[in-house]
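Below you'll find the structure, written out as structure tokens, and then a few comments.
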Amino acid sequence: MALAHPGGLNAEGCHNNRKTGDYHCHRAAVAPIRRQALMGGGGSFPNCSAARAAGAAPVRVGDPGYGRHLDRDGDGVGCE
């Protein structure tokens, strides 16, 4: 028996869990590679468009890809 949960998936079959803040996939594991490529070399997404394209928005403090420049109101959640 398998339990499903609500929520849409991005093109890679992944999504953020808004309750826990984690990012996980339900299909082949190509998303982490694409997500890292969208983050660039700085360790954070360059902008919210890149975070959304990777299926990571909203991105929270401590999440891979978070950067203060993504958090306009300074509440620890970027690209909300």
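The values are calculated or read from the model by the stated rules, or taken from the named source; none is laboratory data. Bear in mind that the values here come from a model prediction, so they are computed numbers and not experimental data. Reconstructed Cβ throughout: ideal geometry from the backbone, glycine too, with neighbour counts over all protein chains shown. Accessible surface areas use protein heavy atoms only, side chains included; no ligands, DNA or RNA. Shrake-Rupley method; radii C 1.70, N 1.55, O 1.52, S 1.80 Å.
Overview of results
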{"quantity": "Filter pass, R27 being open to solvent by 80 Å² or more (accessible area, probe 1.4 Å) and modelled with pLDDT under 60", "calculated": "yes"}
{"quantity": "Subset tally (residues that are in contact (Cβ under 8 Å) with a residue 12 or more places away in the chain, surrounded by 15 or more Cβ atoms within 10 Å (Cβ to Cβ) and more than 17 Å from L9 (Cα to Cα)) for segment 48-75", "calculated": "8"}
{"quantity": "Residue satisfying condition, being touching a helix residue (DSSP H, G or I) at 6+ places or on another chain (Cβ under 6 Å) and at pLDDT 70 or above, within set G43, G62, G55, G78", "calculated": "G78"}
{"quantity": "Filtered residues of segment 56-80 (kept if in contact with a strand residue (DSSP E or B) (Cβ under 8 Å, 6 or more places away or on another chain), among the small types (G, A, S) and in a loop (DSSP other than H, G, I, E, B))", "calculated": "A56, A57, G67, G76"}
{"quantity": "Count of residues meeting criterion [farther than 11 Å from S44 by Cα and of a type outside the set (A, V, I, L, M, F, W, C)] in segment 63-77", "calculated": "6"}
